[in-house]
Number of protein chains: 2
Amino acid sequence: MKCTRCKVRAEVHLRQHNAGFCRACFIFYMQRQVERAIDKERMFSKEEPILVAVSGGKDSLALWDILIELGYRTTGLHLSLGIGDYSDASTRKTVDFTAARGLSLITVPLTDEGLAVPTVTGFTNRPACSACGTLKRHYFDRLAVDRGFPVVATGHNLDDEAARLMGNVLHWQMDHLARQQPVLEPTHERFVRKVKPLYRISEYESAVYAFFRGIDYIVDECPNSVGATQLLYKDMLNRLEAASPGSKLTFVQDFFRKGRAAFVREETAPPQTCERCGMPSFGALCSFCKLVREVETKRERRRSAAVVGGHS
Amino acid sequence: MKCTRCKVRAEVHLRQHNAGFCRACFIFYMQRQVERAIDKERMFSKEEPILVAVSGGKDSLALWDILIELGYRTTGLHLSLGIGDYSDASTRKTVDFTAARGLSLITVPLTDEGLAVPTVTGFTNRPACSACGTLKRHYFDRLAVDRGFPVVATGHNLDDEAARLMGNVLHWQMDHLARQQPVLEPTHERFVRKVKPLYRISEYESAVYAFFRGIDYIVDECPNSVGATQLLYKDMLNRLEAASPGSKLTFVQDFFRKGRAAFVREETAPPQTCERCGMPSFGALCSFCKLVREVETKRERRRSAAVVGGHS
């Protein structure tokens with residue numbers, strides 16, 4: 001196959017677009033695809049400082065690389081989740097990427113906050129992915145608003161969006177369907193805009209981009225993701241995509257274009273303000289503070305039990 | 001495993017219901033499930049004459065058997081599609097079933113109408129499943145209204161409904177999503193109510209029921225269904241169901257309970273009347289008459305071409 005742009009030998013074949021690219025043209029194509037998504041969806045401008053959530057994986061590092069290449073003003077935000085070797089390696093990859101390119105990075109080690117993911121799940125019995133999601137959302141939101149960033153960009157790719165959409169549809173999660181979109185405008189003074197510039201980029205494309213650009217990312221999946229339903233949905237969608245290339249993109253794109261509107265109610269109650277941390281909440285406490293309170297209560301109980309045990 | 005109802009050894013294990021049944025209790029369970037669906041969705045009463053669309057496959061014959069056992073007034077309607085040996089065998093199974101039980105059956109041989117499925121697809125280039133669907137819908141609707149049946153029942157099972165829903169969702173077919181439901185009330189004086197009493201019964205359950213009841217049905221799939229996207233969707237859903245039993249039922253049931261409402265527009269234009277056959281239509285001609293006209297035009301052209309060819 002020949003490169004769709006320059007006609008030399010193609011190194012990548014994108015079945016969903018019925019196109020092939022050589023290395024240089026693929027990099028050009030990817031950056032352009034992302035720029036188009038940013039412009040079309042009005043995600044942010046060249047003047048706005050963007051907080052990029054980076055995990056150390058291919059998607060977030062590729063996103064950051066593309067944003068820099070496109071000339072955007074970026075700062076990285078990395079949460080060190082405390083999931084053993086996996087998190088140590090993720091943090092190392094992120095820090096190395098940042099250092100080699102002289103970028104600005106904010107790192108939050110959850111262990112220092114007493115909220116490493118294994119600690120939280122050990123105290124609360126919550127599924128790891130749910131607890132981790134709550135923690136990430138909270139720190140992304142809070143640091144963005146505290147440090148004056150008008151927008152947070154995450155590396156969610158097409159496969160992530162398709163799997164999430166599949167999960168929402170299989171259970172007809174009406175609220176989640178109404179909120180799933182490439183740009184989430186703030187609904188509270190302590191929320192900022194959240195955007196997903198890679199929502200049209202497949203996992204495969206993002207991996208190839210990272211490889212071509214020499215980005216050293218963490219290849220391992222999070223150990224907590226084993227058996228996660230997200231992977232089951234990705235597997236279903238990969239089967240569909242193999243039989244009918246382009247199906248994932250159609251599924252997600254047509255949802256944003258026409259499906260989602262059906263789920264948006266005329267009135268959605270705006271969030272209130274969390275009594276404890278001042279961030280947006282649905283109820284007296286936000287989901288982060290509920291989680292933290294649960295951890296604190298259990299921790300206190302175990303400590304008392306240990307003391308009583310020690311006295312007996 | 002023991003029978004959930006009577007505690008003897010179970011012969012069937014239904015993972016999605018976390019239940020097991022012996023032969024007698026499974027038959028009881030199935031008839032009851034169908035009766036509940038009929039009552040809950042107000043499909044029809046014991047007084048109404050029901051036209052049951054029967055193909056000769058497990059679902060439609062199981063449905064007919066259940067309706068008779070439950071004491072409903074039924075007449076079968078069988079379209080002989082003209083798809084070679086497959087249709088001959090289907091018609092034979094249907095006729096044998098009817099004869100052995102002394103039931104009343106209306107048979108329409110599409111070959112006699114000049115509209116055998118291979119004839120239609122040969123003249124029109126339409127995909128076989130699409131042409132076949134148009135033909136079936138037309139004859140079901142027309143015979144029901146002409147013969148005074150207030151309701152047509154079809155054997156669509158849970159797997160059919162889930163696959164259809166998946167296809168509608170993957171392409172965000174808003175109109176189809178609005179119309180997909182277990183009971184379709186007539187929107188035109190020449191439409192009757194259309195119902196799917198097996199919409200909560202899986203393909204597996206329906207096959208086991210047919211086997212236990214000694215129903216001799218056509219096991220072969222229609223030769224035209226090879227590679228059909230419906231089978232791809234069924235395959236995706238089977239993967240999901242294996243990993244998470246009950247997923248198909250949740251998907252379909254929650255769609256009917258809460259998802260569908262989102263797609264129902266305030267005003268949907270009612271159908272007009274077909275200029276040619278008087279049946280409901282969207283446009284001057286109904287989709288059946290458009291199909292027939294296409295067949296007639298092409299047939300006429302080929303005949304003229306043959307005559308001209310003969311003269312030359």
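Just so you know, in the range B:173-224 the residues that are open to solvent by 20 Å² or more (accessible area, probe 1.4 Å) and polar (S, T, N, Q) include one that is nearest to residue B:54 (Cα to Cα), and it is B:224. Among the residues of the range A:5-20, those identified as out of contact with any strand residue (DSSP E or B) (no Cβ under 9 Å at 6 or more places or on another chain) and exposed (fewer than 13 other Cβ atoms within 10 Å of the Cβ) are A:7, A:18.
Residue check: is residue A:39 open to solvent by less than 40 Å² (accessible area, probe 1.4 Å), among the charged types (D, E, K, R) and part of a helix (DSSP H, G or I)? Against the criterion (open to solvent by less than 40 Å² (accessible area, probe 1.4 Å), among the charged types (D, E, K, R) and part of a helix (DSSP H, G or I)), residue A:39 does not qualify.
Every test in (1) of a type in the set (Ser, Thr, Tyr); (2) closer than 16 Å to residue B:166 by Cα; (3) assigned to a helix (DSSP H, G or I) is passed by residue B:199 save one, and that test is (3). With respect to the conditions (1) within 14 Å of residue A:195 (Cβ to Cβ); (2) surrounded by fewer than 24 Cβ atoms within 10 Å (Cβ to Cβ); (3) out of contact with any Phe, Trp or Tyr (no Cβ under 9 Å at 6 or more places or on another chain); (4) not basic (Lys, Arg), residue A:53 lacks only one, and its number is (3).
Within this structure, residue A:119 passes the test of being over 16 Å from the mean Cα position of the chain (by Cα), at pLDDT 90 or above and open to solvent by 10 Å² or more (accessible area, probe 1.4 Å).
When residue B:151 is tested against the conditions (1) surrounded by fewer than 21 Cβ atoms within 10 Å (Cβ to Cβ); (2) out of contact with any strand residue (DSSP E or B) (no Cβ under 8 Å at 6 or more places or on another chain); (3) among the hydrophobic types (A, V, I, L, M, F, W, C), the lone failure is (2).
Go through the range B:255-289 and count every residue that is within 13 Å of another protein chain (Cβ to nearest Cβ) and open to solvent by 50 Å² or more (accessible area, probe 1.4 Å).
Of the residues in that region, 6 qualify.
Across the range B:223-236, the number of residues qualifying as within 11 Å of chain A (Cβ to nearest Cβ) and hydroxyl-bearing (Ser, Thr, Tyr) comes to 2.
The condition (being modelled with pLDDT of 90 or more, surrounded by fewer than 16 Cβ atoms within 10 Å (Cβ to Cβ) and not polar (S, T, N, Q)) is satisfied by just one residue among B:114, B:102: B:102. Report yes if residue B:294 is within 14 Å of another protein chain (Cβ to nearest Cβ), in a helix (DSSP H, G or I), in contact (Cβ under 8 Å) with a residue 12 or more places away in the chain and surrounded by 15 or more Cβ atoms within 10 Å (Cβ to Cβ), otherwise no. So residue B:294 does not fit the description; no.
Just one of the listed residues (A:137, A:164, A:142) is closer than 25 Å to residue B:234 by Cα, open to solvent by 40 Å² or more (accessible area, probe 1.4 Å) and assigned to a helix (DSSP H, G or I), and it is A:164.
So which of B:282, B:288 is more than 30 Å from residue A:165 (Cα to Cα), of a type outside the set (S, T, N, Q) and touching a His at 6+ places or on another chain (Cβ under 8 Å)? Residue meeting the stated conditions: B:288. For the range B:237-254, what are the residues that are out of contact with any Asp or Glu (no Cβ under 8 Å at 6 or more places or on another chain), open to solvent by less than 20 Å² (accessible area, probe 1.4 Å) and within 9 Å of another protein chain (Cβ to nearest Cβ)? Scanning the range B:237-254 gives B:240, B:251. Of all residues in the range A:202-222, none satisfies being under 27 Å from residue A:80 (Cα atoms), within 14 Å of another protein chain (Cβ to nearest Cβ) and either in a helix (DSSP H, G or I) or of a type outside the set (A, V, I, L, M, F, W, C) (or both).
The values are calculated or read from the model by the stated rules, or taken from the named source; none is laboratory data. Quantities reported herein were computed from a predicted structural model and do not represent experimental measurements. Counting neighbours? That spans all protein chains shown, and the Cβs are built from the backbone with ideal geometry, glycine included. Ligands, DNA and RNA are stripped out before the accessible areas are found, and what is left, the full protein with its side chains, is counted by its heavy atoms. Shrake-Rupley method; radii C 1.70, N 1.55, O 1.52, S 1.80 Å.
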